[in-house]
Amino acid sequence: MSTTGPSVHELHSLATRQDGYFTAEQAGELGFDSAMVRVNLATNTWTRVERNLFRLGQWPHSELEVFAMWCAWFGGEAVISHQSAAELHGFGHLHPQFVHVCAFGDLRLTDTRLAVHRLRLEPRDVESAGTFNLTTPVRTVLDLAAGGISQITLDEVVCDAVAIGRVDPQTLYSEAGSSTDRVAERVELALSACT
């Protein structure tokens, strides 16, 4: 906690990186105690979005804010992944009913609107979408190949990824070879469907 008082500038900077969102814990780390939280809520400087999740008041809405919201809810430590990442990348027609995130660390948040995948990602597996992170196209395909989507759906995802130039077939084939046999086989089948 800050000994010099709350840092409004630091909070605004953090919230800006997270599409206006921040957690109660993040605010506390920047010196905002519970009385200051109440004042900011009462004056509509902040709005309560979820339990322990706030947004700067008057922050503009955007089409992708739900992804930033869930990543912020995990203290900025979650990454959009799997079906949700495929939709954002423009691969296939998965229409996920949940927001899929990879979350690592000790934070154990659950919500019926989320599918939380407990995977440790390497920095090379993650790219920025501005106010949130998502898995790279190759990592997204590998995660889907390891998951429960049908082969026909995986074929569509891979063919879309290759067709729009977001995935190099050789790179995907090589990366799949470093995964499990099942993933490698499914990716090879999907790549063969693209020719």
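Every number here is computed from the coordinates shown, using simple stated rules; none is lab data. Keep in mind it's a predicted model, so treat the numbers as computed, not measured. No Cβ is skipped: glycine too gets one built from the backbone with ideal geometry, and neighbour counts run over all protein chains shown.
Here the chain is assigned +1 on the Cβ of each Lys and Arg and -1 on the Cβ of each Asp and Glu. Its dipole about the Cα centre then comes out at about 520 debye. Taking the Cα centre of region 8-56 as origin and assigning +1 to Lys and Arg Cβ atoms and -1 to Asp and Glu Cβ atoms, the resulting dipole is close to 200 debye. How much of the DSSP beta bridge set in the chain is antiparallel, as a percent to the nearest 5? Antiparallel bridges make up about 70 percent of those DSSP assigns within the chain.
Using a Gaussian network model of the chain in which every pair of alpha carbons under 10 angstrom is joined by a spring, one finds that among T47, T23, T112 the greatest mean-square fluctuation is at T112. Summary: within the chain, the longest segment free of GluC sites (Glu not before Pro) located in DSSP loops with at most 16 other C-beta atoms within 10 Å is 78-195.
Computed from backbone phi, the HN-Hα couplings of region 48-61 come to 7, 9, 9, 4, 6, 10, 10, 9, 4, x, 6, 5, x, 7 Hz, rounded to whole numbers (Karplus: 6.51 cos²θ - 1.76 cosθ + 1.60, θ = phi - 60°; Gly and Pro given as x). Specify which residue in the list L119, S192, T140 is farthest towards the positive end of the charge dipole of region 70-193, using unit charges on the beta carbon of Lys, Arg (+1) and Asp, Glu (-1), about the Cα centre. Of the candidates, L119 comes out farthest on the positive side.
Once you've got the GNM for the chain with C-alpha springs shorter than 10 Å, pick whichever of V101, V116, V79 has the biggest mean-square fluctuation. Top of the fluctuation ranking is V116. Indicate the gyration tensor shape class of region 8-56 (rounded, prolate or oblate), computed on the Cα atoms with a ≥ b ≥ c the square roots of the eigenvalues: a/c under 1.5 is rounded; otherwise a/b larger than b/c is prolate and the rest oblate. Rounded, because the longest to shortest axis ratio a/c is under 1.5.
The overall shape of region 144-186, judged from the alpha-carbon gyration tensor, is oblate: a/c is not under 1.5, and a/b is no greater than b/c.
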